[in-house]
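The values are calculated or read from the model by the stated rules, or taken from the named source; none is laboratory data. Here the structure is a predicted model, which means the values were calculated and not measured. Because the Cβ atoms are built from the backbone with ideal geometry, glycine has one as well, and the counts that use them run over all protein chains shown.
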Amino acid sequence: MIITDLDNTLLDENYGFEAAEGTLRKLKERSVPLIIATSKTIGETLHFQKLLGIDYPFVVENGGAAYIPRAFYLSQGKEPFFEGEFYEIPLGVPFEELLNFMEEFSRKHGARFSFLHTMSVEEVAKLTGLPPHLALLARRRDWDIPFLPEDEGVVPLLEREARAKGLRLQKGGIFYHLTGDHSKASALGQVLKASGLEDYLIIALGDSPNDLEMLKMAQVPVLVSATPDSLREMKREIPRLRAYEEKAARGWARAVEDILKEIEGGELWQTFIRQG
Ligand SMILES: [Mg+2]
């Protein structure tokens with residue numbers, strides 16, 4: 001099974017994956033499950049599930065929730081036990097609760113923030129480089145508050161108070177994110193079990209610190225778009241990490257092709273037998 005991050009891992013800077021299309025076709029021919037675990041919203045993720053032509057379970061908003069599509073159950077020859085298009089596994093703290101915390105903090109300390117959800121679609125598109133139709137989907141979040149502080153000096157205090165409330169503050173590529181205390185890995189654990197996919201060999205691909213826990217849970221962890229800094233940091237935590245400096249989606253495709261060759265040549269299995 002392949003578990004993958006989207007931004008800067010499978011998706012290039014234009015949010016495309018043309019360079020990986022041949023490899024994706026090979027995975028489909030071999031019926032290798034492709035599981036997305038992303039910081040993106042359900043709206044954005046469904047857009048990419050559709051483009052990729054997959055119905056596998058997926059994780060959104062850095063583990064805020066996981067979803068099992070009805071179509072996945074049907075494709076497994078199983079009768080869905082739920083109504084509607086998806087079975088939702090909610091794992092995060094709801095948006096309104098997070099917003100209450102931020103507003104209370106603002107009142108108490110006179111701190112000012114600009115929130116992603118109150119920005120115009122044009123502003124979001126400019127900040128993120130997303131095309132407007134995706135910027136619109138990115139703004140609507142259920143388990144995460146992305147924001148920019150007016151004064152960066154307030155961040156350490158905010159982080160302490162968030163942690164005291166069992167919340168987590170993380171710096172992403174552009175925004176700070178306030179979420180519940182969850183990760184892509186914790187959500188993956190739950191959704192793989194719930195969908196009967198927990199016995200697969202896991203090949204995981206990611207590019208940044210929010211992928212660390214997910215890479216740790218994989219038998220074959222792969223860092224793509226690797227920089228000297230990210231490589232040093234991640235390798236310290238995961239000595240068996242494979243790294244590709246080549247950027248998404250080219251680096252993604254190269255990594256998966258290398259692994260497929262090893263699996264088909266039998267080398268990868270021998271590695272496991274030796275390790276086991
Ligand atoms: Mg990423």
Within segment 163-191, which residues are over 11 Å from the mean Cα position of the chain (by Cα) and in a loop (DSSP other than H, G, I, E, B)?
165, 166, 172, 173, 174, 175, 181, 182
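Would a scan of segment 215-228 turn up a residue that is within 13 Å of the ligand (Cβ to nearest atom), in contact (Cβ under 8 Å) with a residue 60 or more places away in the chain and assigned by TED's automatic domain parsing to the domain that holds residue 22? Outline the logic, then answer.
Residues of segment 215-228 that are within 13 Å of the ligand (Cβ to nearest atom), as a first pass: 215, 222-227.
With the extra rule that they be in contact (Cβ under 8 Å) with a residue 60 or more places away in the chain, the set shrinks to 224-225.
Still in the list and also assigned by TED's automatic domain parsing to the domain that holds residue 22: 224-225.
Yes: one or more hits.
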Looking at (1) without any contact (Cβ under 8 Å) to a residue 12 or more places away in the chain; (2) within 16 Å of the ligand (Cβ to nearest atom), which is the one condition that is false for residue 164?
(2)
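Mind listing just one residue for me: the one in segment 172-208 that is of a type in the set (Val, Ile, Thr) and within 30 Å of residue 150 (Cβ to Cβ) and, of those, modelled with the highest pLDDT? Walk me through how you get there before you give the answer.
So in segment 172-208, the residues of a type in the set (Val, Ile, Thr) come out as 174, 179, 191, 202-203.
Now drop any that are not within 30 Å of residue 150 (Cβ to Cβ), which leaves 174, 179.
Details: 174: 84, 179: 95.
It comes out as 179.
Return yes when residue 201 is hydrophobic (A, V, I, L, M, F, W, C) and outside the structural domain of residue 123 (by TED's automatic domain parsing) and no when it is not. Outline the logic, then answer.
Values: hydrophobic (A, V, I, L, M, F, W, C): yes; outside the structural domain of residue 123 (by TED's automatic domain parsing): yes.
For residue 201, the condition - hydrophobic (A, V, I, L, M, F, W, C) and outside the structural domain of residue 123 (by TED's automatic domain parsing) - is met.
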Tally time: how many residues in segment 203-252 are polar (S, T, N, Q) and over 14 Å from the mean Cα position of the chain (by Cα)?
4
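Every residue in segment 46-91 that is among the polar types (S, T, N, Q), surrounded by fewer than 24 Cβ atoms within 10 Å (Cβ to Cβ) and in contact with an Asp or Glu (Cβ under 9 Å, 6 or more places away or on another chain), please.
Within segment 46-91, the first condition is being among the polar types (S, T, N, Q), and the residues that meet it are 49, 62, 75-76.
Those left that are additionally surrounded by fewer than 24 Cβ atoms within 10 Å (Cβ to Cβ): 49, 75-76.
The answer is 49, 75.
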When residue 77 is run through (1) at pLDDT 90 or above; (2) farther than 21 Å from residue 36 by Cα, the failure sits at (1)
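If a residue must be within 14 Å of the ligand (Cβ to nearest atom) and over 23 Å from residue 199 (Cα atoms), how many such residues does segment 22-48 contain?
Residues that pass the stated criteria total 5.
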Can you name the number of the only condition in (1) away from the ligand (no atom under 16 Å from the Cβ); (2) in contact with a Ser or Thr (Cβ under 6 Å, 6 or more places away or on another chain); (3) under 23 Å from residue 250 (Cα atoms) that residue 51 fails?
(2)
Restricting attention to segment 171-191, the residues that are buried (at least 17 other Cβ atoms within 10 Å of the Cβ), within 16 Å of the ligand (Cβ to nearest atom) and within 20 Å of residue 4 (Cα to Cα) number exactly 5
Evaluate segment 192-199: report whether one residue or more is within 16 Å of the ligand (Cβ to nearest atom) and part of a helix (DSSP H, G or I).
no
Positions within segment 117-146 being of a type outside the set (Gly, Ala, Ser) and more than 14 Å from residue 43 (Cβ to Cβ), in sequence order
118, 119, 122, 123, 126, 127, 128, 145, 146
Within segment 4-21, restricting attention to residues that are under 14 Å from residue 226 (Cα atoms) and more than 7 Å from the ligand (Cβ to nearest atom), which residue is surrounded by the fewest Cβ atoms within 10 Å (Cβ to Cβ)?
12
